[in-house]
Amino acid sequence: MTTPFRTVELDIIDPISGVASDIADGHGTLPHGTQSRLTQALETISTLRYSDLGYVREDHVPYPPFVSQAFDLDRGLSLSATGLGASSSYGSLTFLNPTGLMDAVLTGRINDRLPVRISRGQKTPDPIRGLLKDPASDTLQPLFSGLGRNWRPDHLSATVDLLDATSWLDRSMTVSTYGGTGRLDGDSNVAGRNRPRLRGEVCNVTPVLIDATNYVYQVSDGPVDITALYEGGYADGITFAADVEDIYAVSPPAGTWSRQVQPNGTWIRLGSRPVYQITLDAFGHFPSGAAPGTVLDILRQMLIEDIPVPHGTIDASWPVTSDLAPWSAGWYWDGSSSETGTTITQTLLSGLGLTLVSTRRGTLRPVRLQIPDPDTVPVLTLTPDLVSAISAVGLSAPFDVPAWRWRVGWQHNFTVTTGTALHPQSSADRQALVAVADRNAVWLDMRIKAQWRQPSDPDAVITALSRQDDAQTIATLQGRLWATSRQIWAVTVPETLGLHCDLGDIVSLSAPVPGLRQAVLGIVMAEHLRAGDSTMTLQILTITEELAATLNSIILNQDLTA
């Protein structure tokens with residue numbers, strides 16, 4: 001009979017391992033005062049290796065049994081009408097510190113926000129020698145890869161709280177601020193304000209006035225293609241003059257505007273004082289020159305350039321150009337408030353059935369909640385002989401009953417303009433567009449409304465989508481998914497089996513309960529793992545192939561706006 005065990009690898013920093021003054025060149029080898037080009041590390045990174053039962057790798061590296069309390073893992077995808085979010089809790093690790101053995105590490109080493117890796121293995125009995133044999137290190141299964149918080153020492157132990165890779169999203173977006181010294185550094189009115197940032201395709205944004213005397217505005221911190229410039233919603237009042245190298249060299253003629261585009265920003269200058277508010281339709285690039293136009297591609301590049309997350313945090317399965325969500329999108333941050341990776345992710349993915357999850361290997365991977373194709377090959381097949389317990393998990397509103405309508409916003413209007421703020425010559429179409437913040441694509445089914453006494457009717461969601469067709473696709477997908485009662489099942493399986501799937505994976509499930517007597521496809525929504533248990537619990541949202549086919553044939557997609 002095998003015996004499960006866990007290993008822990010925790011990186012730590014020695015901040016005073018070397019100092020630059022240790023370098024002593026011979027007299028006369030360099031001119032007096034010359035700085036050496038030879039660098040010396042002022043810190044070193046080492047790895048602590050422990051386990052709960054003791055383990056020795058095949059290359060004789062030991063993992064002493066100093067882990068007295070392993071972690072409990074609870075992570076999952078939390079459903080809401082406005083989006084799909086991640087909810088995770090990883091608990092902590094507790095290490096033994098007998099007779100102060102770890103005192104030097106606890107007082108002299110830094111571990112805050114450094115990598116922690118936890119793996120699981122199986123010791124096998126050796127009947128001849130009467131002991132347990134350690135498996136090869138390449139057979140260990142990863143349980144967790146993330147970060148540790150600062151030490152919390154006690155009398156005979158020390159505890160480290162755990163964070164997953166999504167904790168990198170707590171970082172603030174890297175920004176530069178206006179100094180208020182004039183010209184492109186802005187006047188005193190914008191001193192201390194963050195510079196604006198435009199990514200992807202946006203509608204009716206207000207650029208930041210950085211020089212009220214010369215009518216100079218900044219559009220973004222990178223190159224921008226300006227589709228149209230409006231004064232009070234009127235596009236033909238102020239005409240384009242030219243692109244210039246220095247926007248302050250020559251003032252454009254009255255009634256015109258000029259533009260300066262550089263890798264670090266885009267600015268416009270008006271030749272005369274405007275009467276009404278200046279707005280733009282535009283497409284924003286990144287300072288690096290990258291110009292993704294779809295929602296996941298924009299988010300990926302923002303995580304790399306605008307947050308940024310450490311190298312290797314983006315999962316290898318997330319390509320530069322993703323076909324998981326090929327929908328045109330964009331957003332504008334005017335610099336009036338601070339943004340984090342979390343708020344950026346929520347803004348771009350809101351209402352799309354997408355979320356970022358942290359994998360067991362410590363990377364970020366996008367997951368999309370949708371009806372799986374009937375021909376999908378499941379990552380894992382769960383049959384009654386593998387399931388030791390199963391129970392239903394209730395869904396909260398608005399998913400507890402079928403929805404008869406889904407409304408998905410598109411082409412978000414960043415500057416709502418009505419009444420006297422509109423130019424009298426602005427077209428009726430433009431006036432209608434800028435009068436509301438969002439237009440909606442709608443999916444509905446009147447039969448559901450008639451069949452249920454109180455069907456669900458989720459609020460309209462604001463999205464970063466820029467095209468109506470894409471919004472209609474999302475509304476239809478959401479309608480198909482939630483047009484019938486859904487069920488989440490809590491399924492207890494052997495831990496070694498459950499580790500073969502991750503959040504968002506498609507699995508096959510059959511069990512002796514109503515609705516599961518024949519194998520159906522489902523999506524892994526959550527997992528729960530307890531220290532010392534040989535089992536784990538998966539929460540699976542089941543969607544039958546027959547039902548998916550039926551919905552495909554009966555649901556009416558209506559191309560409506562509201």
task: For the range 286-307, indicate whether the set of residues that are surrounded by 18 or more Cβ atoms within 10 Å (Cβ to Cβ), more than 23 Å from Cys203 (Cα to Cα) and at pLDDT below 95 is non-empty.
output: yes
message: For a quick check of your reading: which helices (runs of 4 or more DSSP H) sit entirely within the range 437-534 and have at least 2 residues that are buried (at least 16 other Cβ atoms within 10 Å of the Cβ) and at pLDDT 95 or above?
response: 468-482
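The rows are residues; the columns are (1) surrounded by fewer than 18 Cβ atoms within 10 Å (Cβ to Cβ); (2) in a helix (DSSP H, G or I); (3) at pLDDT 95 or above.
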site	(1), (2), (3)
Trp331	no, no, yes
Ser336	yes, no, no
Thr343	yes, yes, no
Thr355	no, no, no
Arg360	no, no, no
Pro374	yes, no, no
Val377	yes, no, no
Ala392	yes, no, no
Ala397	yes, no, no
Leu147 being over 30 Å from Pro196 (Cα atoms), outside the structural domain of Leu198 (by TED's automatic domain parsing) and touching a Gly at 6+ places or on another chain (Cβ under 9 Å): yes
statement: Note: among Asp281, Asp236, just one is part of a loop (DSSP other than H, G, I, E, B), under 21 Å from Asn413 (Cβ atoms), out of contact with any His (no Cβ under 6 Å at 6 or more places or on another chain) and of a type in the set (D, E, K, R), namely Asp236
query: Looking at this structure, is Asp385 under 30 Å from Asp74 (Cα atoms), surrounded by fewer than 19 Cβ atoms within 10 Å (Cβ to Cβ) and either outside the structural domain of Thr266 (by TED's automatic domain parsing) or among the aromatic types (Phe, Trp, Tyr) (or both)?
result: yes
query: Hey, does the range 404-419 have a residue that's of a type in the set (A, V, I, L, M) and either over 30 Å from Cys203 (Cα atoms) or without any contact (Cβ under 8 Å) to a residue 12 or more places away in the chain (or both)?
result: no
- prompt: From the residues in the range 14-24 that are modelled with pLDDT of 55 or more and exposed (fewer than 15 other Cβ atoms within 10 Å of the Cβ), which one is nearest to the chain's Cα centre (by Cα)?
  reply: Pro15
field: Some residue of the range 167-189 being assigned to a strand (DSSP E or B), touching a residue at least 24 places away in the same chain (Cβ under 8 Å) and surrounded by 15 or more Cβ atoms within 10 Å (Cβ to Cβ)
entry: no
field: Residues of the range 295-318 satisfying the condition of being β-branched (Val, Ile, Thr), more than 29 Å from Ser258 (Cα to Cα) and touching a residue at least 12 places away in the same chain (Cβ under 8 Å)
entry: Val295, Ile307, Val309, Thr313, Ile314
- request: Pick out the one residue from Val219, Val261, Val275 that is in contact (Cβ under 8 Å) with a residue 40 or more places away in the chain and not in a loop (DSSP other than H, G, I, E, B).
  value: Val219
Positions within the range 222-233 being closer than 18 Å to Phe283 by Cα and either over 36 Å from the mean Cα position of the chain (by Cα) or not in a loop (DSSP other than H, G, I, E, B) (or both), in sequence order: Val224, Asp225, Ile226, Thr227, Ala228, Leu229, Tyr230
- line: Selection over the range 535-562 where residues are out of contact with any His (no Cβ under 9 Å at 6 or more places or on another chain), at pLDDT 85 or above and not hydroxyl-bearing (Ser, Thr, Tyr) yields a count of 2
- request: Could you tell me whether Thr227 is at pLDDT 95 or above and surrounded by fewer than 19 Cβ atoms within 10 Å (Cβ to Cβ)?
  value: yes
query: So is Gly192 assigned by TED's automatic domain parsing to the domain that holds Pro125 and within 30 Å of Gln346 (Cβ to Cβ) or not?
result: no
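The values are calculated or read from the model by the stated rules, or taken from the named source; none is laboratory data. What you are looking at is a predicted structure, and each value in this text was computed from that prediction instead of being measured. Here Cβ is always computed from backbone atoms with ideal geometry, including for glycine, and neighbour counts include all displayed protein chains.
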